[in-house]
Ligand SMILES: NC(=O)c1ccc[n+]([C@@H]2O[C@H](COP(=O)([O-])OP(=O)(O)OC[C@H]3O[C@@H](n4cnc5c(N)ncnc54)[C@H](O)[C@@H]3O)[C@@H](O)[C@H]2O)c1
């Protein structure tokens with residue numbers, strides 16, 4: 001088994017690489033190491049992988065046609081996990097082209113690579129809870145309509161699912177799409193609320209809270225995601241349906257103020273708060289129905305934010321020597 005992980009220097013990607021390497025797999029990681037957030041964090045994540053004999057890394061911008069094939073020979077790859085993307089909802093409002101580049105052009109290049117990979121057994125790719133749009137109900141189910149994206153990020157993630165369906169159909173590639181719901185934890189992403197709150201609260205700065213009373217998120221802890229990913233990679237769809245999509249959430253939406261309280265408690269300080277209106281592109285709520293992933297992969301997330309946030313804050317203080 002040789003597994004190509006795109007976005008290997010990213011938050012979820014490097015955690016997945018660690019888990020796959022720990023079970024003895026051959027892993028080829030690629031990433032552009034772009035500067036959407038501090039690339040030093042991406043390099044530090046790669047350092048954690050560098051000690052593994054079965055890990056190889058190549059710096060590749062997937063949006064450059066042919067770059068992936070020049071770095072990795074398609075024939076050696078048996079599994080692909082596509083985690084590379086331009087992430088973030090708010091950034092997509094001002095930087096739409098970055099999303100078209102990485103999430104559309106870059107992903108088509110991954111699909112073309114998959115088409116050329118004659119020994120490929122399974123392509124797993126990251127989608128997002130944002131495909132569900134701005135909804136007040138829930139839980140969200142995989143067969144709900146996903147036709148109302150409220151950000152360009154969401155539009156490119158819906159497009160990724162549609163592109164995948166066409167490649168599965170045309171070329172018989174077994175594919176699994178995963179709709180992640182606000183994944184957080186140690187080695188996380190500096191653009192996300194839990195990170196920004198921790199940074200500002202520890203520095204004694206004011207945190208901005210957008211539509212605090214009406215926001216809730218289905219926070220999902222990285223270790224629960226990584227454990228599930230390992231099993232999902234091993235189990236391509238079989239039979240008539242070659243392309244399946246699953247929600248990977250925690251199925252327990254937490255109000256934004258609940259997150260603030262968890263971070264305050266873990267930091268041992270009360271935040272100075274600035275209440276702001278809702279921002280463009282934001283959705284009010286995310287809430288995953290996870291029964292499909294539970295039945296298929298024994299997916300059983302156990303971590304609450306009361307446990308996960310203190311682990312993150314401890315890691316953050318350690319990483320920045322605070
Ligand atoms: N973390 C979450 O809460 C969450 C939620 C929903 C969906 N997702 C999706 O999961 C995947 C992983 O997210 P993450 O949180 O680890 O994000 P991340 O930003 O930490 O990781 C993505 C990585 O992809 C790389 N990348 C971006 N464009 C690239 C390109 N053109 N070529 C090569 N590499 C490129 C980046 O350098 C980065 O290291 C993404 O597809 C994201 O959209 C994440």
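Here, each number is a calculation from the coordinates, and none is a lab measurement. This structure is a prediction, so every number in the text was calculated from the model and none was measured. FYI the Cβ positions are ideal-geometry reconstructions off the backbone, even for glycines, and counts take in every protein chain you see.
Looking only at segment 144-257, where both bridge partners belong to it, what percent of the DSSP beta bridges are antiparallel (to the nearest 5)? If you can, show how the numbers build up before the last one.
On the way: 2 of 10 bridges.
Taking every DSSP beta bridge within segment 144-257, about 20 percent pair in antiparallel fashion.
For segment 3-141, just the Cα set please: Rg and Dmax, both in angstrom.
15.4, 48
Contact order normalised by length for the chain, with contacts defined as Cα pairs under 8 Å and 6 or more residues apart; what percent is it? Spell out each step's value before the answer.
On the way: 659 pairs, mean separation 60.0, N = 322.
Value for the chain: 19 percent.
Shape call for segment 155-197 from the C-alpha gyration tensor, a ≥ b ≥ c root eigenvalues: rounded (a/c under 1.5), prolate (a/b greater than b/c) or oblate? The partial results should precede the final answer.
On the way: a/c = 4.68, a/b = 2.84, b/c = 1.65.
Prolate, since a/c reaches 1.5 and a/b exceeds b/c.
Rounded to the nearest 10 degrees, what's the angle between the helix 193-203 long axis and the longest principal axis of the chain, both from Cα atoms, 0 to 90?
Long axis of 193-203 versus the principal axis of the chain: about 40 degrees.
So in the chain, what percent of DSSP beta bridges are antiparallel if you round to the nearest 5? Please report the intermediate quantities before stating the final value.
Numbers: 2 of 41 bridges.
Counting only bridges with both partners in the chain, antiparallel ones make up about 5 percent.
Please compute the Cα-Cα pair-distance distribution of segment 185-322 with 5 Å bins starting at 0, giving whole percents from short to long.
Spelled out bin by bin, segment 185-322 gives 2, 9, 17, 20, 17, 14, 9, 6, 4, 2, 1, 0 percent.
Can you give me the angle between helix 305-319 and the longest principal axis of the chain, using Cα atoms only, in degrees from 0 to 90, rounded to the nearest 10?
Its long axis makes an angle of about 80 degrees.
What full-extension length gain, to one decimal in nm, is calculated for residue 265 and residue 115 as 0.36 nm per residue of separation minus the Cα-Cα distance?
Numbers: separation 150, 0.36 × 150 = 54.00 nm, distance 4.94 nm.
Gain in length upon complete extension: 49.1 nm.
Report Rg (one decimal) and Dmax (nearest whole number) for the chain, counting Cα atoms only, units Å.
Over the chain's Cα set, Rg and Dmax evaluate to 18.9, 57 Å.
Please determine, in degrees from 0 to 90 and to the nearest 10, the orientation of helix 256-267 with respect to the longest principal axis defined by the Cα atoms of the chain, where the helix direction is its Cα long axis.
That helix lies at roughly 80 degrees to the long axis.
How would you order 36-44, 217-225 from highest to lowest mean count of nearby Cβ atoms within 10 Å? Could you put the intermediate results ahead of the total?
On the way: 36-44: 15.0, 217-225: 23.9.
In descending order of packing, they fall as 217-225, 36-44.
Can you compute the label reach from residue 210? Point 7 Å from Cα along the Cβ direction, backbone N cut-off under 18 Å, restricted to segment 134-152.
Flagged as within label range: 134-136, 149-152.
Tell me, what is the FRET efficiency for residue 276 and residue 58 to the nearest 0.05, using R0 = 30 angstrom and their Cβ-Cβ distance as r?
Details: r = 41 Å, r/R0 = 1.38.
The formula returns an efficiency of 0.15 here.
Would segment 74-140 count as rounded, prolate or oblate if I go by the C-alpha gyration tensor, calling it rounded below 1.5 in a/c and otherwise prolate when a/b exceeds b/c, oblate otherwise? Could you put the intermediate results ahead of the total?
Working: a/c = 3.80, a/b = 1.67, b/c = 2.27.
Oblate.
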